[in-house]
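Contents: one structure, followed by commentary.
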Amino acid sequence: MIEGADIVKAAAFLGAGISMGVGAIGPGVGEGMAAAKACEAIGKNPKEAGLLTRTMLVGQAVSESTGIYSLVIALLLLFVV
Amino acid sequence: MAYDIQTWVSVAAFTGGGMAMGFGAIGAAIGEGYTAASANEAIGRNPEQSGDIFKSMLVGQAIAESASIFALVIALMLLFTNFPSHILSVPVLLGAGLCMGLGAIGSGVGSGFPAGAACKGMSRQPAMSNRLTTNMLIGSAVCQTPAIFSLVVSFILLFTDFSANPVSPTWAAILGAGISSGFGAIGSGLGGGLVAQASCEGISRQPLTVTPVTNVMLLGQAVTQTTAIYALLVSFILMFKSFPATDALAPPMALLAAGICMGIGAIGPAVGEGFAGQGAVAWIARNEKHIADLTRSMLVGQAVAESTGIYSLVIALVLIFVV
């Protein structure tokens, strides 16, 4: 017998999976592009490798934030809602 | 009209076969088109090398085609095999078709990139033809691995007897396994292709950097394959773990969601890691002295890009084992 609470739970599980799955695409691609450009810049100007790595990491951390939002929403859907 | 189980099994077999070949045709065609375009550009620039370039275009296209041939094999199996009249044959057939169809996209497109770059490289640096062919073959072979993972999962789904398992959560586990490996192969195929493209271009510009460029190419490609391996792992868990029978809707949805989460979540990190590897390999060819700095920042960048893939893996495992 399928009840209302069961359907809500099923939807929360599906929502968690979709949230984390689709939410992982953007940060992954974006962080990769940042790393590619950092490598290019280090190749052109190796003396600034330290500064470039730092800038890359800060940029990637910002880009990572949406991935972390997806993770938070997925965990909320799994354990809180 | 009476609809018995055999009717639904046939419906699933034909739908799955259509999806396998339909999705499976996308990637190889795009990749081969890119290779042919690059070969034309290369012959236009250096018509004297047209023989070598034409040959390597065909070899490269043959490798890109293999992903599509896997899809054709699965589609033909779905159309012409008699599957048992059991209700679980329906998700098996749909899952196998989806898995191989989606799994062929990335490898087909990805294998086209190194082949195209090798053709262009031969027009620029005819003396490097042999080395370019070797690099193209290694790079394309790595690109094909995610399609092979999908083929393996499809075969396991088709040849395992699930009829002793309870229908209710098992249908979702089977579909989830197909979706996970299918989507999970797209990014790794594409990302591996980007790295191999940069290596073929790099050694044609700077023939002396063959060894370091090839080494870093393999390293970068290996990192792009990791998310496809996570997806394969989730597929195996979904196929081989036994789940208790249930009447509720939530447990099967959790398993289906685990497959979707890991499969789609594997695409982005792998493509991003491919971009990072492409940038690093291209500049190692031009500035070999700084290989240490470049390799380090490639790996750091790839590790950060990997993080969202790991979040997806964690959520998928929580969906399977915890909730």
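Values computed for the structure shown
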{"read-out": "Inter-probe distance in nm under a simple model that places probes 7 Å from Cα toward Cβ, at B:Glu48 and A:Val81", "value": "6.7 nm"}
{"read-out": "Pairs of Lys in the protein assembly as shown closer than 26 Å at Cα, counting only those 8 or more apart or on different chains", "value": "9"}
{"read-out": "Cα pair distances exceeding 38 angstrom across the protein assembly as shown, given as percent", "value": "25 percent"}
{"read-out": "Taking the convex hull of Cα positions in chain B, its mean projected area over all directions (nm²)", "value": "17.2 nm²"}
{"read-out": "Candidates B:Thr133, B:Thr295, B:Thr160, ranked by Gaussian network fluctuation over chain B, Cα under 10 Å, top entry", "value": "B:Thr160"}
{"read-out": "Listed peptides B:144-157, B:253-266, B:48-61 by packing density, highest first (mean Cβ within 10 Å)", "value": "B:253-266, B:144-157, B:48-61"}
{"read-out": "Cα convex hull volume per residue for the stretch A:1-75 (Å³)", "value": "61 Å³"}
{"read-out": "Unit Cα scatterers, Debye sum, the stretch B:185-249: log10 I(q)/I(0) for q = 0.13, 0.20, 0.29 Å⁻¹", "value": "-0.51, -0.80, -1.13"}
{"read-out": "Only Lys, Arg (+1) and Asp, Glu (-1) charged, at Cβ; the protein assembly as shown dipole about Cα centre in debye", "value": "980 debye"}
{"read-out": "Fraction of accessible area attributable to carbon and sulfur, chain B (%, probe 1.4 Å)", "value": "69 percent"}
{"read-out": "Most positive-pole-ward Cα, B:Tyr230, A:Ser65, A:Val22, against dipole of the protein assembly as shown from beta carbon charges", "value": "A:Ser65"}
{"read-out": "Cα-only radius of gyration and Dmax that characterise the stretch B:186-320, units Å", "value": "18.3, 65"}
{"read-out": "Test item: Cα-centred dipole of the stretch B:5-321, Lys/Arg +1 and Asp/Glu -1 on Cβ, debye", "value": "460 debye"}
{"read-out": "Rounded D (µm²/s) - the stretch B:9-79, Kirkwood Rh over Cα pairs, Stokes-Einstein at 37 °C, 0.692 mPa s", "value": "242 µm²/s"}
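The values are calculated or read from the model by the stated rules, or taken from the named source; none is laboratory data. Just so it is clear, the model here is predicted, and its values are computed rather than measured. With ideal geometry, Cβ positions are generated from the backbone for all residues, glycine too; neighbour counts draw on all protein chains shown. Surface accessibility is based on the protein's heavy atoms, side chains included, excluding ligands, DNA and RNA. Shrake-Rupley method; radii C 1.70, N 1.55, O 1.52, S 1.80 Å.
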